[in-house]
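The values are calculated or read from the model by the stated rules, or taken from the named source; none is laboratory data. Just so it is clear, the structure is predicted and the values come from calculations on it, not from any experiment. Side chains included, ligands, DNA and RNA excluded: accessible areas come from the protein's heavy atoms. Shrake-Rupley method; radii C 1.70, N 1.55, O 1.52, S 1.80 Å.
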Amino acid sequence: MKKNVLILMAFMLFAGVVSAQKNASIVDEVFGKSAEDKVTAMQQLIGFDDEKARKLTALEFRFLQDVNKAENCCLCNRKKKVEKLREKRKAELQRILSRDEYIKYDAVENERIRSNIPLQVQ
């Protein structure tokens, strides 16, 4: 009887771990697609090169993952943690993009200018 209960508990624990891993991979897949779509749209609007796009996609993906972790942390001060992540992301964006590209990226992202008009200066 005790063996059956232990086996059942072990199976339930295993099923829970597998389910959590599957959900995490789905979330990562959604975050990856979101980051890729955002950077692709920004690249079409602003016109930065593919190397910058690759770096920005990785940055946006990590940012989404980190914010998700901060939002699900019950012991953290979520608001402060997310604000620190935003500041870190902002600094990384400024490091990757030129000044003009960053200004355009920030303006489109914060809806200060319309995103349906290409921003490249010819």
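If you count only protein heavy atoms with a 1.4 Å probe, what accessible area per residue comes out for the range 68-115, rounded to a whole Å²?
Normalised by residue count, the accessible surface of the range 68-115 is 80 Å².
For the range 49-106, give the percent of accessible area contributed by carbon and sulfur heavy atoms, probe 1.4 Å, rounded to a whole number. Please report the intermediate quantities before stating the final value.
Working: 2040 of 4080 Å².
Of all accessible area on the range 49-106, carbon and sulfur atoms account for 50 percent.
Suppose the Debye formula is applied to equal point scatterers at every Cα of the range 38-115; what is log10 I(q)/I(0) at q = 0.13, 0.14, 0.19 Å⁻¹?
Each listed q maps to, in turn, -0.43, -0.49, -0.82.
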